[in-house]
1. By how many degrees, 0 to 90 and rounded to 10, does the Cα axis of helix 41-50 deviate from the longest principal axis of the chain?
2. Taking the mean number of other Cβ atoms within 10 Å as a proxy for protection, how do you rank 44-55, 19-30 from highest to lowest?
3. Which of T122, T18 comes first, and how do the rest follow, when ranked by fewest Cβ neighbours within 10 Å?
4. What does the charge count near A67 come to, summing +1 for each Lys or Arg and -1 for each Asp or Glu among other residues with Cβ under 13 Å from its Cβ?
5. Give K16/K103; K19/K99; K19/K84; K9/K94 a once-over and call out the pairs whose C-alpha atoms are over 20 Å from each other.
6. How do 124-133, 141-150 rank on mean C-beta neighbours within 10 Å, highest first?
7. If one takes the longest principal axis of the Cα atoms in the chain, at what angle in degrees, from 0 to 90 and to the nearest 10, does the Cα axis of helix 3-22 lie?
8. Return a whole-number percent for the relative contact order of region 22-149, with Cα pairs under 8 Å and 6 or more residues apart as the contact set.
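All of the numbers you see were taken from the coordinates with simple rules; none came from a lab. For clarity, every value in this text was computed on a predicted model and none was experimentally measured. Virtual Cβ from ideal backbone geometry, glycine too; neighbours counted across all protein chains shown.
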Amino acid sequence: MDIIKLLLKELEAEFKTTKKFMAIVPVDKFDWAPHQKSMKMKALATHIAELPSWVSIALTTDGLDFATTPYQPVHVNNADDLVKLLQKSYEDGKEALEKATDKDLEGKWILRNDEKILADYTKYETIRHSFSQTAHHRAQLGIYLRLLDIPIPVSYGPSADNQNF
């Protein structure tokens with residue numbers, strides 16, 4: 001099996017599904033969250049749209065330290081901006097993955113906050129983790145949308161709102 005081809009296929013599938021969700025995020029609910037401990041919808045959607053770029057981050061760096069490189073979300077104004085951000089993130093991740101070799105996937109990648117290690121993965125594991133994070137956070141966004149009575153797009157199968165898979 002060619003792991004790079006499989007990762008590219010999965011990256012594209014997650015991108016296509018995520019794009020449907022980004023396109024329906026309502027700007028008038030950007031500051032809404034279902035609970036005080038929950039992220040605001042804008043922050044959640046922006047994070048989701050940025051996740052495909054973690055493929056290129058994994059392949060072009062040996063890690064990330066939030067103490068020296070604090071997270072700065074990209075500013076978005078509406079759903080179109082979210083879709084554009086997702087598209088750019090996807091293209092960056094895809095380009096890096098197309099240039100990669102199986103050997104590149106073996107390298108170490110560490111996420112930290114100063115001395116605290118948050119994740120110690122291979123580059124392959126980091127890429128897979130970004131895919132898992134995409135599905136996880138997209139599901140959260142689906143709950144936000146459901147609570148606002150916004151129809152949920154098809155993802156891995158039909159939704160209660162859309163039986164056309």
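1. With rounding to tens, the tilt is 40 degrees.
2. 44-55, 19-30
3. Starting with the residue having the fewest Cβ neighbours, the order is T122, T18.
4. -1
5. Over 20 Å Cα-Cα: K16/K103; K19/K99.
6. 124-133, 141-150
7. Rounded to the nearest ten degrees, it is 20.
8. Over region 22-149, the number comes to 33 percent.
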